[in-house]
Amino acid sequence: MSFPRKKLDMGLLILEERSCEVITTCARKFHPDWDFNRFEAIQCNAADAVPEDGSRYDASYIFHIAGPALDALDREIPFLFPLERGKHYLWELFTDLPKSGGSRSSRQFWNRLSRAMSAIELPITTDELVGEFEQASLALLANAVDLGDRFYLPELDYGGWNGGFVTKDFLIEGLRMLAAKLDATAGERKKEKASEEPGKTDTITEGGNEDEGVSGQKD
């Protein structure tokens, strides 16, 4: 059973590109100068809301004005929890943040990576994941300043300590974490598939002989 997007935590919703497109379109109908980048920075605690912002960057307000459009998106692309039957997408692996090399702007950049790959359907191979991650990272860092161990992105700098920086350790750890999650997801899918096919298992029998796998062939 799918879950309505307007009931999600905003930090989870903005990992998906289509949801962000809907939010931006709805917000700009009421506020033509509405800036998604600033909205996200406030949600990620990378920027402080100022009085003149009013309610335009408040998550509850955005859910209110974008609710019907998010409902329409739910009908087109249902939001599914992990392992729930249906199509799953790569952005679902981005729900955790790498623990190494974090900075004030890490969450925003991580969200951007997620959105850039959010339409890719699971499952994919690890090699495909690496290729997509590298391609998305290079595109997002095209205008960044390379400082050796980190990149500086002015558009993500809302002040504060290490604002606008994304470390290379963060990216390396992030790719490792995604690969591990992908492997775990693949393992769960195999278990689920095996449980749906009675009498077929890849375990060892009491006699020490290998059972035939799902393909009908021995390993």
Practice task
Read through the list (1) over 15 Å from residue 103 (Cα atoms); (2) modelled with pLDDT under 80, then give the number of the only condition that residue 160 fails.
Solution key: (1)
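Among what's in segment 140-164 and is more than 17 Å from the chain's Cα centre (by Cα), among the hydrophobic types (A, V, I, L, M, F, W, C) and not in a loop (DSSP other than H, G, I, E, B), pick the residue that is surrounded by the fewest Cβ atoms within 10 Å (Cβ to Cβ). I'd like the intermediate steps shown before the answer.
Step one: filter segment 140-164 for residues more than 17 Å from the chain's Cα centre (by Cα), giving 141-164.
Keeping just the survivors that are among the hydrophobic types (A, V, I, L, M, F, W, C) gives 141-142, 144-145, 147, 151, 153, 156, 161.
In the following step, the residues that additionally are not in a loop (DSSP other than H, G, I, E, B) were identified as 145, 151, 156.
Values: 145: 12, 151: 23, 156: 26.
Result: 145.
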Practice task
Filter segment 103-133 down to residues that are touching a strand residue (DSSP E or B) at 6+ places or on another chain (Cβ under 8 Å) and farther than 15 Å from residue 179 by Cβ, then give me how many there are.
Solution key: 8
Completion exercise
Condition set of a type in the set (D, E, K, R) and within 11 Å of the chain's Cα centre (by Cα), scope segment 78-118, selection farthest from residue 158 (Cα to Cα): answer is 92
Practice task
Keeping to segment 92-135, report how many residues are more than 21 Å from residue 38 (Cα to Cα), in contact (Cβ under 8 Å) with a residue 24 or more places away in the chain and part of a helix (DSSP H, G or I).
Solution key: 7
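Yes/no per residue for (1) surrounded by 16 or more Cβ atoms within 10 Å (Cβ to Cβ); (2) within 29 Å of residue 131 (Cα to Cα); (3) in contact with a strand residue (DSSP E or B) (Cβ under 7 Å, 6 or more places away or on another chain):
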{"residue": "27", "(1), (2), (3)": "yes, no, no"}
{"residue": "30", "(1), (2), (3)": "no, no, no"}
{"residue": "38", "(1), (2), (3)": "yes, no, no"}
{"residue": "41", "(1), (2), (3)": "yes, yes, no"}
{"residue": "45", "(1), (2), (3)": "no, no, no"}
{"residue": "51", "(1), (2), (3)": "no, no, no"}
{"residue": "68", "(1), (2), (3)": "no, no, no"}
{"residue": "77", "(1), (2), (3)": "yes, yes, no"}
{"residue": "85", "(1), (2), (3)": "no, yes, no"}
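Quick one: would you say residue 79 is in contact (Cβ under 8 Å) with a residue 40 or more places away in the chain and touching a Leu at 6+ places or on another chain (Cβ under 6 Å)? Explain how you work it out, then say what you get.
Details: in contact (Cβ under 8 Å) with a residue 40 or more places away in the chain: yes; touching a Leu at 6+ places or on another chain (Cβ under 6 Å): no.
For residue 79, the condition - in contact (Cβ under 8 Å) with a residue 40 or more places away in the chain and touching a Leu at 6+ places or on another chain (Cβ under 6 Å) - is not met.
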Completion exercise
Checked against (1) farther than 24 Å from residue 183 by Cα; (2) in the same structural domain as residue 185 (by TED's automatic domain parsing); (3) not hydroxyl-bearing (Ser, Thr, Tyr), residue 92 satisfies every condition except (1)
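The values are calculated or read from the model by the stated rules, or taken from the named source; none is laboratory data. Source: prediction; values computed, not measured. Counting neighbours? That spans all protein chains shown, and the Cβs are built from the backbone with ideal geometry, glycine included.
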